[in-house]
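Please read the structure below before turning to the comments.
Values in this text are rule-based calculations from the coordinates and carry no lab data. All figures in this text were calculated on a predicted structure; none of them were measured in a lab. With ideal geometry, Cβ positions are generated from the backbone for all residues, glycine too; neighbour counts draw on all protein chains shown.
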Amino acid sequence: MSQQSQSEAQSSSPLEREKPSIKPFVPERILFCIDTDDEMMGDELSNRSALLPGVKKSSRLHHIKQILRVFVLSKLRMSQIHEFALCALTTDTHWFCDFTSDSEKIMKAISNIKTAGSHPTYNVSSLFEMVRAKFPIFSPRNSERGVFSRQDSEEFVYRIIFIYSRSNIEPQFISIPKQTLFPQIISHPLLFFDALYVHSKASSSNSVQSIYDTITDISNPEKEGEESRSYFFEASTNLKRLYAHFAMLLVNPLQRPHDQSAFSSELIPGSKE
């Protein structure tokens with residue numbers, strides 16, 4: 001190799017030297033899991049207009065609904081094959097709307113989501129039990145051939161977008177332990193788990209850092225050296241940041257980098273103020 005060629009190779013960045021292969025498009029089935037605890041009525045999220053005198057602040061739930069509407073319409077502009085479903089989080093997980101690509105149906109379902117009281121616990125095992133029952137990739141026919149069988153499931157990739165809002169209640173694997181659920185469900189190659197934690201400002205009177213740690217651990221691999229394929233985000237007061245997070249979630253999980261170094265395990269300083 002000539003000196004010039006060696007110099008060019010050394011000066012190029014790793015991204016320039018290693019061009020990632022582009023995976024073929026596979027439509028998504030996305031399950032929105034929306035916390036319906038009363039804390040979703042908190043009004044800490046704001047933009048500049050909300051700071052003006054006489055302007056009424058909106059709740060976290062209001063903003064989440066608005067963002068989900070934009071998200072769904074944006075995904076359907078990319079492909080009308082994408083499908084969406086909703087579930088509500090109380091002490092357990094409740095199926096709310098079946099998978100559909102009908103924008104009017106999903107918009108109506110989003111509008112109908114309401115808070116349902118204050119809940120002392122949340123059993124995240126119930127979410128994955130529901131996923132096992134509702135997602136075709138876990139149908140008995142597939143299970144007989146092995147949980148990772150790609151037959152009958154190639155037409156969709158499945159994603160959970162988990163939206164949690166409690167500041168003192170950590171999600172817990174109550175009915176089934178994570179050690180059981182991970183190899184059976186969470187680690188399936190066609191299932192992705194993304195999470196958004198919308199919370200109160202961190203203080204001595206709440207547990208937001210501990211809860212964020214718990215959420216980011218839900219899909220962490222059990223074996224050392226394996227990478228998590230999940231995206232995790234959090235927000236407390238910055239509405240613009242919340243929209244930016246959802247913009248990143250628009251990317252098909254099969255076509256995005258799985259670089260966990262891009263996500264901090266600590267809440268950002270602005271979330272603690």
Residue 78 versus residue 155, label points 7 Å from Cα toward the beta carbon: distance in nm?
2.0 nm
Anything over 20 Å Cα to Cα? Flag those among 65/178; 178/201; 105/240; 57/201; 114/178; 108/201, in the order listed.
65/178; 178/201; 105/240; 114/178; 108/201
At a Förster radius of 25 Å, what calculated FRET efficiency corresponds to the Cβ-Cβ distance of residue 91 and residue 62, to the nearest 0.05?
0.60
Rounded to one decimal in nm, the spacing of the 7 Å Cα→Cβ label points at residue 258 and residue 227 is 0.7 nm
Name the residues whose placed amide hydrogens come within less than 5 Å of the amide hydrogen of residue 196, ignoring near sequence neighbours (fewer than 5 apart) on the same chain.
162, 163, 164, 233
Distance in nm between pseudo-label sites at residue 250 and residue 203 (7 Å out along the Cβ direction from Cα):
3.6 nm
